[in-house]
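The values are calculated or read from the model by the stated rules, or taken from the named source; none is laboratory data. What you are looking at is a predicted structure, and each value in this text was computed from that prediction instead of being measured. Neighbour counts are summed over all protein chains in view; Cβ atoms, including those assigned to glycine, are modelled from backbone coordinates with ideal geometry.
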Amino acid sequence: MPAGATLARVLLPRAQHVISYHVVTRGACWGRLAGGPATRVEAGDVLVFPRGDPYVMSIDPASGAAPGEAEVLDFMKKMSVGELPSVVVEGGGGPTQLGLVCGFLGCDVSPFNPLLGTLPRLLRVPHPPAAAGDSLRQLIELTLAESRASRPGGECVRLRLSELMFVEVVRRHLASGAGEPAGWLGGLRDGIVGRALSLLHERPAQPWTLPALAREVGLSRSALAERFTHLVGHPPMQYLARWRMQLAARRLADGEAKVAAVALDVGYDSEAAFSRAFKKATGLPPAGWRRRHAAPAAPAALSRRPR
């Protein structure tokens with residue numbers, strides 16, 4: 001697979017970034033970043049490439065053979081527009097068999113994405129235990145069922161399942177204690193900073209101050225500021241300002257809401273103050289951001305006059 005930015009152009013044109021993940025349903029294979037060491041994944045494992053790096057998946061860990069970028073992009077484009085079925089069977093005639101569910105999630109990276117930089121470049125989530133009620137196993141099984149069936153709303157269901165699986169993968173990575181995650185994930189792991197982050201995300205338009213946030217989480221102003229900055233990498237109010245710009249950027253790109261309404265939604269009483277802050281964060285005024293990132297207009301329906 002080529003870099004995520006290249007992949008986005010054919011798979012998800014509006015996305016700034018593409019996260020790839022693969023669920024092994026049968027057999028085993030190897031995954032690696034381009035030029036990096038190979039990681040073995042077996043049936044039930046999930047392999048995620050969060051940072052959009054070029055990568056290779058193969059049955060043979062030493063395999064250097066791969067289709068060219070143009071061939072890969074042509075295949076992915078045909079898949080995304082429905083020219084190929086959602087289940088594709090290929091074969092080289094050998095005895096080894098491999099089954100994969102491949103998913104691609106589009107997301108924004110600018111003006112501010114607190115998650116992506118905290119994830120490893122290659123993330124393997126081992127096969128979940130066969131315990132009743134295992135959420136990841138259930139999501140995988142439901143995804144497989146949806147990919148095999150042709151039912152109304154199937155594409156929408158698969159899209160939502162992709163999002164849920166990614167959330168569950170990140171949860172497991174966080175719970176695994178693998179390393180000491182810095183940034184946003186490190187903040188989530190901490191009880192007090194995690195609570196502060198939750199409050200800022202739940203109520204971004206609230207006129208937060210550091211004293212008010214400190215009271216909510218039961219810590220002094222100075223202690224919260226020091227702990228939050230150490231773990232997340234930004235002071236609490238700076239983090240909130242960046243998160244507000246991210247929310248505003250998405251609202252501007254997604255619809256026709258007036259700039260003043262977007263400003264109010266993210267906690268600014270003044271449209272002028274919001275516009276200054278937005279341009280400082282993104283390099284573009286709100287209207288310019290909307291023009292650059294808005295979804296293309298749907299083509300007008302052709303009409304035919306009766307003869």
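If only residues of region 75-86 that are free of Cβ contacts under 8 Å to residues at least 24 places away in the same chain and part of a helix (DSSP H, G or I) are counted, the one that is surrounded by the most Cβ atoms within 10 Å (Cβ to Cβ) is M79.
Exactly one residue out of V18, V41, V56, V72 is in contact with a helix residue (DSSP H, G or I) (Cβ under 8 Å, 6 or more places away or on another chain), outside any loop (DSSP other than H, G, I, E, B) and at pLDDT 85 or above: that is V18. Residue pairs whose Cβ atoms lie under 8 Å apart, sitting 6 or more positions apart in sequence or on different chains, and linking a residue in region 1-20 that is closer than 16 Å to L116 by Cα to a partner that is outside any loop (DSSP other than H, G, I, E, B) and hydroxyl-bearing (S, T, Y), are G4/S20; S20/Y55. Restricting region 121-135 to residues that are in contact with a strand residue (DSSP E or B) (Cβ under 8 Å, 6 or more places away or on another chain) and at pLDDT 80 or above leaves a set whose member that is farthest from A38 (Cα to Cα) is V125. Is there a residue being in a strand (DSSP E or B) and over 20 Å from the mean Cα position of the chain (by Cα) anywhere in region 87-99? Yes; the residues of region 87-99 include at least one that is in a strand (DSSP E or B) and over 20 Å from the mean Cα position of the chain (by Cα).
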